[in-house]
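Have a look at the structure below, then the notes.
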Amino acid sequence: MTNPRRYLHAASAGAVLLTTATLTALARGLPIPAIGFAVGVLVLTEAALREHRRLRRRRLEAEWARRRALGEHPAPLHPCCLLSRASHGQAHDRNCTSDHTRPVPRPDRSRVPGRLMTTSLTPAPANTDQGQDDLVHVVCICDPDTALCGTNATGHDWLDQDEATTCVVCQDLEHKPCKRCGA
C-alpha cells in the first residue's frame with residue numbers, strides 16, 4: 001500500500017472513530033468533548049481528502065505519461081503541475097504535463113520580424129560594426145535589439161528572410177523557443 005493510500009485509510013478511519021465519539025459524547029450530554037471530537041473529525045476529513053487528491057493526481061500523471069510514451073499527444077492536466085498551481089502559473093516542476101518545460105521544435109521563426117545585420121566576430125555581448133568577418137544574426141520580436149546569441153543588434157539593418165544565418169549560436173537557437181518570451 002502506497003503512502004498516500006495508507007494515509008487516506010488512516011485519516012478516514014480516524015474520522016469515522018471521532019464521529020462515533022462525537023455522537024456518543026452528545027448522547028451522554030457532554031458538549032465540550034463533543035466539540036473537540038467534531039474539530040478532530042474536520043481535520044481528519046480534510047487530511048483524507050488531501051491524500052485522495054494526491055493519489056488521484058498520481059494516477060492521472062501515470063496515465064498521461066503512459067499515453068505520451070505510446071506516442072500520443074494528450075492534453076495537459078489541469079493544473080499542469082503542482083508547482084504551477086502554487087505559483088499561479090509562474091513556475092513549473094519537472095513533472096509538468098504542459099509544454100512549458102519541453103522545447104518544441106519550430107522550423108520557421110514567423111514571429112521574428114526578420115534576419116538582421118552584420119557584425120564583427122567579437123566576444124558576445126558586443127558592439128556591432130560593419131567590419132570584416134561579418135555574421136548574420138537572428139533576433140526575436142520580444143527584443144529586436146539583441147540577437148539570440150546575445151550580440152547587441154541596435155541600429156543595424158534588417159535583411160530578408162532568405163538570407164542565411166551565419167552565426168552558429170543563432171543557428172542553434174533559431175528553432176528553439178526564445179528564453180526571454182517563449183516565442
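Bear in mind that the values in this text are calculations on the coordinates, not laboratory data. Quick caveat: nothing in here was measured; it's all calculated off a predicted structure. FYI the Cβ positions are ideal-geometry reconstructions off the backbone, even for glycines, and counts take in every protein chain you see.
Observations on the model:
- In this structure, the amide hydrogen of Val136, modeled 1.01 Å from its nitrogen in the peptide plane, lies closer than 5 angstrom to those of Thr166, Cys167, counting only residues at least 5 positions away or on a different chain.
- In order through segment 82-98: 3J(HN,Hα) via Karplus (6.51 cos²θ - 1.76 cosθ + 1.60), integer Hz, x for Gly, Pro: 5, 5, 4, 5, 6, 9, 6, x, 7, 9, 9, 9, 5, 9, 5, 9, 8
- Percent breakdown of C-alpha pair distances by 5 Å bin, ordered from the shortest bin, for segment 1-49: 5, 27, 25, 18, 12, 8, 4, 2, 0
- In terms of packing, defined here as the mean over residues of other Cβ atoms within 10 angstrom, the peptides 37-44, 88-95 line up highest first as 37-44, 88-95.
- Packing-based order for 67-78, 138-149, using average beta carbon neighbours within 10 Å, highest first: 138-149, 67-78
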